[in-house]
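J.: Have a look at this one.
The values are calculated or read from the model by the stated rules, or taken from the named source; none is laboratory data. Predicted model, so just to flag it, every value in this text is computed and none were measured. As a convention, Cβ positions derive from the backbone with ideal geometry for all residues, glycine included, and neighbour counts pool all protein chains shown. SASA here: full protein model, heavy atoms, side chains in, ligands and nucleic acids out. Shrake-Rupley method; radii C 1.70, N 1.55, O 1.52, S 1.80 Å.
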Amino acid sequence: SRKRDGKNGAQVYDPSMTDKTRRRAEIEDFIEAGLANDWLDAYFQPLINLTTGQIVGFEALLRLIHPTRGVLPPAEIISVAEDTGSIIRIGNRMLDKAVAHFARMVKDQDLPDAYVAINFSSLQIEPGLPARLATVIERHGIRPDALVVEITEAVLMQDNPEVSQILGQIRKYGCRLALDDFGTGYSSLSYLNRFPVDIIKVDQSFIRALTAGGEVYDKSRMLVEGIATISHKMACTVIAEGIETQEQWRILLEMGVDCGQGYLFSRPLPAHELEALMQSDIVHTRNSGVI
Ligand code: C2E
Ligand code: MG
Ligand code: MG
Ligand code: MG
């Protein structure tokens, strides 16, 4: 049964709500067809060491490739899938695809130390997850520390002792944890205090503000620099999301931010396209600041 937004009579007559409801039903159909017909895939965006310009890993990002509608970005799919519960099946499919592509990619490209970062919704953090990760890791023959589990504060906000236990098991097995979209939630610092994480990903809104000019500009610089300092004191790696310009790269490097991802280096791409790019060395050329 579908969970609808408009539950009271008033909303049903709101034309925009009707559109929204129709759109959600359409997305639900895409999801079911996507699962049945194998339209779901993992795209990859390289994660770059800002000092050396080398690839340290890849973030796997969900794409639903519809035969007539083209590539659908994840935001809408994920939010609908979280409501209907299909996020579990999507997440399992995504995990297997991402690790399979990744295992082949690092072998072909000779990147033995690279890792794959995969996004997980709060519903996926359930007692079966540690064993599921172990199974996938063994099936594809990667090291446990080559898998990074990206979660957002939404996962930690549940304040559920079971969640921290599951995350603890995942880390004990050797996978690492990244806190995604850092700084956009309600009490980012308090989560850092309560949950051990290995990587902190500074949200792209802060990176954009770095070069926006004006008051925001000064404040965001202080904030990002502060986040980098705190992260390092907690022995975490800091990653900046959404780097689009050379200037942002330079500023972030000056602030001591370790790694970054963004359109400056590469958009998220299908594994085979990214491999072709790495083969032709375009990513490396860009990374050495030549562009
Ligand atoms: P995220 O995990 O924060 O992923 C980073 C997003 O920033 C990606 O959007 C990526 O394409 C985008 N991005 C990267 N570099 C740049 C840049 O330089 N400029 C701009 N403007 N954007 C950049 P995408 O792929 O649309 O994913 C959106 C969100 O959907 C992700 O944000 C993540 O929260 C969620 N998501 C994606 N794949 C999955 C998945 O497999 N499972 C779950 N649960 N969530 C996923
Ligand atoms: Mg992410
Ligand atoms: Mg993010
Ligand atoms: Mg995000």
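J.: Evaluated at 37 °C with a viscosity of 0.692 mPa s, what Stokes-Einstein diffusion coefficient in µm²/s does region 134-221 have when Rh comes from the Kirkwood expression over alpha-carbon pairs?
T.: It diffuses with D of about 225 µm²/s by this estimate.
J.: Next question, about the same structure. How big is the accessible area of Met234 in square angstrom, nearest 10, if you roll a 1.4 angstrom probe over the protein chains?
T.: 90
J.: A follow-up question, please. Kindly flag which residue pairs out of Lys97/Lys233; Lys97/Lys201; Lys172/Lys219; Lys107/Lys233; Lys201/Lys233 have an alpha-carbon separation exceeding 26 Å in this structure.
T.: Lys97/Lys233; Lys172/Lys219; Lys107/Lys233
J.: Say the dipole of the chain comes from +1 at the beta carbon of Lys and Arg and -1 at that of Asp and Glu; which of Pro112, Trp249, Cys175 then lies farthest toward its positive end?
T.: Farthest along the dipole direction, towards plus: Cys175.
J.: Also, quick follow-up: Quick one: Debye curve from the alpha-carbon atoms of region 13-100 only, equal weights, vacuum; give me log10 I(q)/I(0) at q = 0.15, 0.16, 0.26 Å⁻¹ to two decimals.
T.: -0.63, -0.68, -1.29
J.: Would you compute, from DSSP H runs of 4+ residues alone, the mean residue ellipticity of the chain at 222 nm, taking -39500 (n - 2.57) per run and dividing by the full residue count, rounded to the nearest 500?
T.: Mean residue ellipticity at 222 nm (helix-derived): -15500 deg cm²/dmol.
J.: Please give the length that would be gained between Leu123 and Asn37 if that part of the chain were fully extended, namely 0.36 nm times their separation in residues minus their C-alpha to C-alpha distance (nm, one decimal).
T.: 28.6 nm
J.: From the phi angles alone, apply the Karplus equation (6.51, -1.76, 1.60; θ = phi - 60°) to region 261-272 and give each ³J(HN,Hα) in whole Hz, x where the residue is Gly or Pro.
T.: 9, x, 4, 3, 8, 5, 6, x, 9, x, 3, 5
J.: Here's something else I'd like to know. Give a residue-ordered list of calculated ³J(HN,Hα) values for region 133-143 (Karplus: 6.51 cos²θ - 1.76 cosθ + 1.60, θ = phi - 60°; whole Hz; x for Gly, Pro).
T.: Once rounded to whole Hz, the list reads 4, 4, 4, 5, 4, 5, 4, 9, x, 10, 6.
J.: In a Gaussian network model over the chain where Cα atoms closer than 10 Å are linked, find which of Gly85, Gly168, Gly128 has the largest mean-square fluctuation.
T.: Gly128
J.: Per-residue HN-Hα couplings for region 217-233, Karplus 6.51 cos²θ - 1.76 cosθ + 1.60 at θ = phi - 60°, whole Hz, x for Gly and Pro?
T.: Running phi through 6.51 cos²θ - 1.76 cosθ + 1.60 with θ = phi - 60° gives 4, 4, 5, 5, 4, 5, 5, 5, 5, x, 4, 4, 4, 4, 4, 5, 4 Hz.
J.: Quote the accessible area belonging to Asp218 in square angstrom, nearest 10, computed with a 1.4 Å probe and with ligands, DNA and RNA left uncounted.
T.: Only protein atoms counted, so the area is about 80 Å².
J.: Sequence-distant or interchain residues sharing an amide H contact under 5 Å with His66, placed H: which?
T.: Residues meeting the amide H criterion: Val71, Leu72.
J.: Rounded to the nearest 10 Å², what accessible area does Asp159 have for a 1.4 Å probe in the complete protein model?
T.: 110
J.: Among Pro130, Pro74, Pro46, determine the one that fluctuates most according to a GNM of the chain built with springs between C-alpha atoms less than 10 Å apart.
T.: Maximum fluctuation in the GNM of the chain, among the listed residues, is at Pro74.
J.: What is the projected area of the convex hull of the Cα atoms of region 133-291, averaged over all directions, in nm²?
T.: 10.7
J.: For Ala75 and Ser280 in one chain, what is 0.36 nm times their gap in residues minus the Cα-Cα distance, to one decimal in nm?
T.: 70.7 nm
J.: To the nearest 20 Debye, how big is the dipole of the chain about its Cα centre, given +1 on the beta carbon of each Lys and Arg and -1 on that of each Asp and Glu?
T.: So the dipole magnitude of the chain works out to roughly 420 debye.
J.: About the Cα centre of region 132-291, how large is the charge dipole given +1 on each Lys and Arg Cβ and -1 on each Asp and Glu Cβ? Please answer in debye to the nearest 20.
T.: So the dipole magnitude of region 132-291 works out to roughly 360 debye.
J.: Whole angstrom only: what separates the Cα centroid of region 138-153 from the Cα centroid of region 68-124?
T.: What the calculation gives is 12 Å, centre to centre.
J.: The chain: percent of C-alpha pairs farther apart than 33 Å?
T.: Counting pairs separated by more than 33 Å, the tail of P(r) holds 26 percent.
J.: Which of the listed residues, His272, Ile166, Ala42, is farthest toward the dipole's positive end in the chain, when Lys, Arg count +1 and Asp, Glu count -1 at the beta-carbon?
T.: Ile166
J.: Still on this structure, please answer the following. Just the number, please: Stokes-Einstein D of region 202-268 in µm²/s, Kirkwood Rh from C-alpha pairs, 37 °C, 0.692 mPa s.
T.: Estimated diffusion coefficient is 280 µm²/s.
J.: Sticking with this one: If the viscosity is 1.002 mPa s and the temperature 20 °C, what translational diffusion coefficient in µm²/s does Stokes-Einstein give for region 69-115 when Rh comes from Kirkwood over Cα pairs?
T.: Once the numbers are plugged in, D ends up at 172 µm²/s.
J.: So, one more: Rounded to the nearest 5, what is the percent of antiparallel bridges among the DSSP beta bridges in the chain?
T.: Antiparallel bridges: around 45 percent, rounded to the nearest 5.
J.: Taking amide H positions as placed 1.01 Å from N in the peptide plane, with prolines and chain starts having none, which residues 5 or more places from Gly57, or on another chain, fall under 5 Å of its amide H?
T.: When sequence neighbours closer than 5 places are left aside, the close amide H contacts are Leu47, Tyr115.
J.: Using modelled backbone amide H atoms (1.01 Å from N, in-plane), which distant-in-sequence or interchain residues come within less than 5 Å of Phe44's amide H?
T.: Leu61, Leu269, Ala271
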